[in-house]
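One structure below.
The values are calculated or read from the model by the stated rules, or taken from the named source; none is laboratory data. Quick caveat: nothing in here was measured; it's all calculated off a predicted structure. Please note: Cβ atoms are built from the backbone with ideal geometry, for glycine as well, and neighbour counts cover all protein chains shown. With ligands, DNA and RNA removed, areas are computed over all heavy atoms of the protein, side chains included. Shrake-Rupley method; radii C 1.70, N 1.55, O 1.52, S 1.80 Å.
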Amino acid sequence: MLIEVTQLKGQPVASLNDEAKIGAIDEVVLHPDTGEVVGFWVALPGWFAGKTALSSRDVLSYEAEALVVRSEDSLVSPDDVQPFKSVIKRQDHWLGKPVQTEKGDSLGKVTDVIIDTDLERVAKIHVQAFFGPERIISREDIVKISRSRIIVHESLEVTKGSVVIAETPA
């Protein structure tokens, strides 16, 4: 299943054993170099309960209504989940990162990320220029991911229009 990261925010986390909501997704943590889903920040119920970590390995299923885990024990300190701890220390996020072609033409910034829940990794990115079309760029078109930008194939030249679904020609 493909799902946008922005759709996951606020999604309930449900415990299969307790048949209850144990929290809500606050943020999806993506590995900045590989695009793999490392885990999630989960907001706990209650006014001052705070947040805890959930490893992607502990997710049993991604449902339309909730993320399902076996039990509340799946929610742990970020120190207990590797590479969660090292990824959050880097503070290198996909959302908001500039995207440009191999020649250096700016395409805009990442406004959303589509993840493949079966592979638990980035499948596509939404890119929006300040004045220009929104683009949906496939993972296969990404050449390089650095701390400061994402580089995509040159074939994704700047065009005019409303939405451009960019796929590399076969």
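Residue-by-condition table, conditions (1) surrounded by 15 or more Cβ atoms within 10 Å (Cβ to Cβ); (2) more than 16 Å from Phe40 (Cα to Cα); (3) of a type in the set (A, V, I, L, M); (4) at pLDDT 95 or above:
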position	(1), (2), (3), (4)
Ser77	no, no, no, no
Gln82	no, no, no, no
Val87	yes, no, yes, no
Ser106	yes, yes, no, no
Val110	yes, yes, yes, yes
Asp116	yes, no, no, yes
Lys124	yes, yes, no, yes
Phe130	no, yes, no, no
Arg135	yes, yes, no, no
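So Phe48 passes all but one of these: (1) among the aromatic types (Phe, Trp, Tyr); (2) open to solvent by 50 Å² or more (accessible area, probe 1.4 Å); (3) closer than 14 Å to Val113 by Cβ. Which condition number does it fail?
Going through the list (1) among the aromatic types (Phe, Trp, Tyr); (2) open to solvent by 50 Å² or more (accessible area, probe 1.4 Å); (3) closer than 14 Å to Val113 by Cβ, Phe48 breaks only (3).
Here is a list of conditions, (1) closer than 30 Å to Ser146 by Cβ; (2) of a type outside the set (Asp, Glu); (3) surrounded by 12 or more Cβ atoms within 10 Å (Cβ to Cβ); (4) in contact (Cβ under 8 Å) with a residue 24 or more places away in the chain, and Gln7 meets all of them except one; can you say which number that is?
Of everything listed in (1) closer than 30 Å to Ser146 by Cβ; (2) of a type outside the set (Asp, Glu); (3) surrounded by 12 or more Cβ atoms within 10 Å (Cβ to Cβ); (4) in contact (Cβ under 8 Å) with a residue 24 or more places away in the chain, Gln7 misses just condition (4).
Go through (1) more than 15 Å from Ser77 (Cβ to Cβ); (2) open to solvent by 50 Å² or more (accessible area, probe 1.4 Å) and name the single condition Ile22 misses.
The number of the failed condition is (2).
Go through the residues of the range 60-74 one by one and say whether even a single one is modelled with pLDDT of 90 or more, within 13 Å of Val29 (Cβ to Cβ) and surrounded by fewer than 17 Cβ atoms within 10 Å (Cβ to Cβ).
No: the range 60-74 contains no residue that is modelled with pLDDT of 90 or more, within 13 Å of Val29 (Cβ to Cβ) and surrounded by fewer than 17 Cβ atoms within 10 Å (Cβ to Cβ).
In the range 90-104, how many residues are in a loop (DSSP other than H, G, I, E, B), open to solvent by 70 Å² or more (accessible area, probe 1.4 Å), in contact (Cβ under 8 Å) with a residue 40 or more places away in the chain and more than 25 Å from Met1 (Cα to Cα)?
Selection size over the range 90-104: 2.
Specify the residue that is modelled with the lowest pLDDT; the eligible residues are those in the range 34-45 that are more than 12 Å from the chain's Cα centre (by Cα) and open to solvent by 50 Å² or more (accessible area, probe 1.4 Å).
Here the answer is Pro45.
Residues are listed down the side, and each one gets a yes or a no for (1) in a loop (DSSP other than H, G, I, E, B); (2) polar (S, T, N, Q); (3) without any contact (Cβ under 8 Å) to a residue 40 or more places away in the chain:
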| position | (1), (2), (3) |
| --- | --- |
| Gln82 | yes, yes, yes |
| Lys85 | no, no, yes |
| Ile88 | no, no, no |
| Val127 | no, no, yes |
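Just checking, how many residues over the range 10-45 are within 22 Å of Val113 (Cα to Cα), touching a residue at least 24 places away in the same chain (Cβ under 8 Å) and not in a strand (DSSP E or B)?
Residues flagged as within 22 Å of Val113 (Cα to Cα), touching a residue at least 24 places away in the same chain (Cβ under 8 Å) and not in a strand (DSSP E or B) within the range 10-45 amount to 6.
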